[in-house]
Structure formats: structure tokens, C-alpha cells
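Here is the structure we will look at, set down as C-alpha cells.
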Amino acid sequence: ETRPSIWSSSRTAKKIEAVAMRHNSRTTVCVSSQIGCAMGCQFCATGTMGLHGDLAASEILEQVALLTRHECSQGRPAPRNIVFMGMGEPLANYDAVSEAVEKLCDPFHFAFRRRGVTVSTVGVAPSLKKLTREHPDVRVALSLHAPTQTLRERIVPASKRWPLDELLEALDDHLSATEKRHKRSASGLMIEYVLLKGVNDRDEDADALAALLRGRNVMLNLIPYNPNVTAALHGFEAPEEATCRAFGKRVINRGLRVQWPS
């Protein structure tokens with residue numbers, strides 16, 4: 001169950017969205033880091049907005065505070081986890097996100113566990129390296145979505161600026177720096193992969209993805225495309241469940257760990 005909350009930035013009057021994601025007795029808060037997004041991922045509704053501005057650390061923390069207050073007012077426990085997976089590219093607003101992470105994990109502020117905070121990125125390689133140095137215990141989710149540079153440029157235009165080989169170097173730096181923790185937790189670094197019918201869900205895509213990630217201690221999160229405004233813009237469709245299952249089975253048989261959406 002999800003509960004979205006939308007309010008206006010006092011600086012820009014633009015809408016900001018955060019979501020409380022309820023899983024039985026625990027809640028995860030998904031926060032935005034920007035108003036809109038400049039990355040232009042072809043399947044993402046927020047990407048069609050363009051970028052209208054960065055959020056300050058205080059505005060990121062306000063999302064957590066407001067949704068925590070709401071959850072507790074409903075008799076539910078306070079949120080245990082935070083994911084930077086809302087509007088915007090967190091690592092394109094690095095300073096504010098870094099400050100927010102520090103406050104979230106400060107025992108005199110929000111007191112979240114560092115491993116309870118996940119920062120998602122489409123692949124801003126230099127900032128991913130910086131995040132590894134400054135916040136090594138924070139979890140990372142890498143929005144990959146394609147196993148080759150050519151296909152990724154089509155789906156994720158920002159990959160033209162940070163190509164796949166540069167991104168994999170930053171990913172390997174993160175895995176190396178956090179090797180001990182990753183040995184204890186297979187889900188320490190998540191690879192996000194939205195499945196688009198006929199685009200990146202074919203057998204050859206599964207084989208290329210398995211080859212790309214083989215030997216890397218990551219968890220692959222397969223996400224069937226959720227049709228939105230981009231379906232009309234780019235002709236994207238959600239794959240059949242059987243196709244998703246077959247893709248997952250194929251990469252599992254080739255050595256990858258896979259997490260299915262609940």
C-alpha cells in the first residue's frame with residue numbers, strides 16, 4: 001500500500017511528491033530531491049517535466065517529517081527506511097542530499113540507520129564515487145535499465161554523458177569500498193531494471209545483462225513498466241508477466257540474484 005503526499009515548494013510553488021510505502025508493520029518513505037528532473041529517462045513521467053530546481057536539505061527532511069507525523073497519527077509505527085527514489089536525480093543535487101543523509105542518520109535528529117537509507121542514481125559517476133567516499137554505509141540503487149551502451153542511450157539519455165564503462169568503474173569502486181558489508185547482505189547494492197516490452201526484455205538482453213553483471217555482488221530488481229504519459233510519447237508497453245518471469249529465470253540461471261516486485 002502506498003500513500004502519496006503532494007505539496008508546493010515555498011520557493012517555487014512547484015509541486016513536490018513524497019510517498020509512504022507500507023509493508024505490513026513497517027513503512028518506507030520515498031522522497032524527492034529535485035523539482036522535476038533533467039535526466040530525461042524515456043519511461044519516466046517525471047522526466048517529461050524537465051528540471052525546475054533543486055530541493056534544499058530542509059525540504060527533503062520536511063518530507064520525512066510530515067509523512068512520519070501522518071503515519072504515527074494513524075496509529076502506525078514511524079518509518080524505518082528512507083529511499084531517495086522520488087522526483088529528481090539525487091546525485092545531481094549532491095550537497096543537499098548529502099546534508100539530508102547526515103541529518104537523517106544523526107541520533108540527535110532523525111536517527112535512521114545508515115543501512116536504512118538508500119540513494120538511487122541513474123548513473124552520475126563522479127558523484128557516485130563521492131557518495132562512496134563520504135557515505136560508505138548508505139545503500140545505493142543504480143538505475144541501469146539496459147545492458148549495452150547503445151540501448152541505454154536510447155532509454156536513459158544521460159548515459160551519453162556518463163557512459164557505461166565509466167559507470168561500471170564507479171560501481172566497482174563502491175563494491176570494493178563496501179566489500180565487507182556486501183558479503184553480509186546480498187542487497188547492499190541494487191540494480192534497478194525497468195522491463196519494457198520488446199525493448200529490453202528479450203532473451204539477448206537477459207544474456208547481455210547477465211554477462212555485464214556477472215561476478216559483481218549486486219541484487220537485480222526487475223520492475224515491469226508501469227504505463228504513464230511516456231507510453232503515448234514513446235510507444236512503450238508493459239511486458240506480459242510470463243515474459244518478466246522468463247527474463248528473471250534466464251538471468252538467475254546465469255548467476256544473478258533477482259528481487260521481484262511485491
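Residue pairs whose Cβ atoms lie under 6 Å apart, separated by 6 or more positions or on different chains, with the first residue in the stretch 233-254 and of a type in the set (S, T, N, Q) and the second surrounded by 12 or more Cβ atoms within 10 Å (Cβ to Cβ), are 243/201.
The residues on offer are 117, 122, and the sole one that is on the phi < 0 side of the Ramachandran plot and in contact with a Leu (Cβ under 7 Å, 6 or more places away or on another chain) is 117. Residue count for the stretch 68-103 satisfying the condition of being under 17 Å from the mean Cα position of the chain (by Cα) and at positive phi: 1.
Within the stretch 121-147, residues that are under 14 Å from residue 159 (Cα atoms) reach partners that are surrounded by fewer than 23 Cβ atoms within 10 Å (Cβ to Cβ) and polar (S, T, N, Q) with beta carbons closer than 7 Å, at six or more positions or on different chains, in the pairs 143/120. Residues that are of a type in the set (Val, Ile, Thr) and crowded, with 16+ Cβ neighbours inside 10 Å were ranked within the stretch 222-257; the one that is nearest to the chain's Cα centre (by Cα) is 223.
In this structure, is residue 129 in contact with a His (Cβ under 7 Å, 6 or more places away or on another chain), over 23 Å from residue 24 (Cβ atoms) and among the charged types (D, E, K, R)?
Against the criterion (in contact with a His (Cβ under 7 Å, 6 or more places away or on another chain), over 23 Å from residue 24 (Cβ atoms) and among the charged types (D, E, K, R)), residue 129 does not qualify.
Among the residues of the stretch 215-232, those that are in contact with a Cys (Cβ under 9 Å, 6 or more places away or on another chain) and in contact (Cβ under 8 Å) with a residue 60 or more places away in the chain comprise 228, 230. Please determine whether any residue of the stretch 138-148 is surrounded by 15 or more Cβ atoms within 10 Å (Cβ to Cβ), small (Gly, Ala, Ser) and touching a Leu at 6+ places or on another chain (Cβ under 6 Å). So far as the stretch 138-148 goes, no, none of its residues is surrounded by 15 or more Cβ atoms within 10 Å (Cβ to Cβ), small (Gly, Ala, Ser) and touching a Leu at 6+ places or on another chain (Cβ under 6 Å). Those strands (runs of 3 or more DSSP E) of the stretch 23-113 in which at least 2 residues are surrounded by 15 or more Cβ atoms within 10 Å (Cβ to Cβ), in contact with a helix residue (DSSP H, G or I) (Cβ under 9 Å, 6 or more places away or on another chain) and not acidic (Asp, Glu), considering only elements entirely within it, cover 26-30, 34-37, 81-84.
Read the figures in this text as sums done on the coordinates, not as results from a lab. This one's a predicted model, so the numbers in the text were calculated from it and none came from an experiment. Backbone-built Cβ (ideal geometry, glycine too); neighbour counts: all protein chains shown.
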